[in-house]
Amino acid sequence: MDKRWAVRNSGTCDWGREYRVMFVEGSSMGAANEQALYPAKAGSEAIIQISMTAPIAPGDYNGKWQLRDPKGKSFGEVLFIKIKLLAAATATP
């Protein structure tokens with residue numbers, strides 16, 4: 001599955017290749033802990049897309065991601081994903 005967030009670069013710096021999206025907490029759902037941040041000029045909108053794999057076991061899963069600048073400083077709002085996996089229905093005889 002792909003998770004996508006639409007974000008606006010409301011700062012004064014363009015996001016270049018050295019900007020990252022970092023996993024912070026919860027479940028990364030199989031995604032790498034560090035992802036490239038799509039380059040975006042100041043004032044423009046970007047789509048952040050991360051490929052994830054849903055867990056197998058039923059339950060509630062959530063993850064938090066954060067943007068980081070080239071010096072490793074976090075910025076912007078925390079990005080969230082939350083999914084709920086239900087148990088498969090079983091046939092009754």
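The values are calculated or read from the model by the stated rules, or taken from the named source; none is laboratory data. Every value quoted in this text rests on a predicted model; they were computed, and no experiment measured them. All Cβ positions, glycine included, derive from the backbone under ideal geometry; neighbour counts span all protein chains shown. Just the protein is used for accessible areas: all its heavy atoms, side chains included, with ligands, DNA and RNA removed. Shrake-Rupley method; radii C 1.70, N 1.55, O 1.52, S 1.80 Å.
What is the sum of charges, Lys and Arg at +1 and Asp and Glu at -1, for the other residues whose Cβ falls under 13 Å from the Cβ of Leu67? Its environment carries a net charge of +2. Multiplying the residue separation of Leu86 and Asp60 by 0.36 nm and subtracting their alpha-carbon distance yields 8.5 nm. Number of Lys-Lys pairs in the chain with C-alpha atoms under 17 Å apart and a separation of 8 or more places or on different chains: 6. The heavy atoms of Ser27 offer some 30 square angstrom of accessible surface to a 1.4 angstrom probe. Just to verify a number: what accessible area does Asp2 come out at with the full protein assembly present, 1.4 Å probe, Å² rounded to tens? Approximately 80 Å² for this residue. Note: the chain, Cα convex hull, 89 Å³ per residue. Using a 1.4 Å probe on the protein chains only, how many percent of the accessible area of the chain belongs to carbon and sulfur? For the chain, the apolar C and S fraction of the accessible surface comes to 52 percent. In the full protein context, the chain carries 68 Å² of accessible surface per residue, based on a 1.4 Å probe and ignoring ligands, DNA and RNA. Taking all protein chains together and rolling a 1.4 Å probe, Lys3 ends up with roughly 60 Å² accessible.
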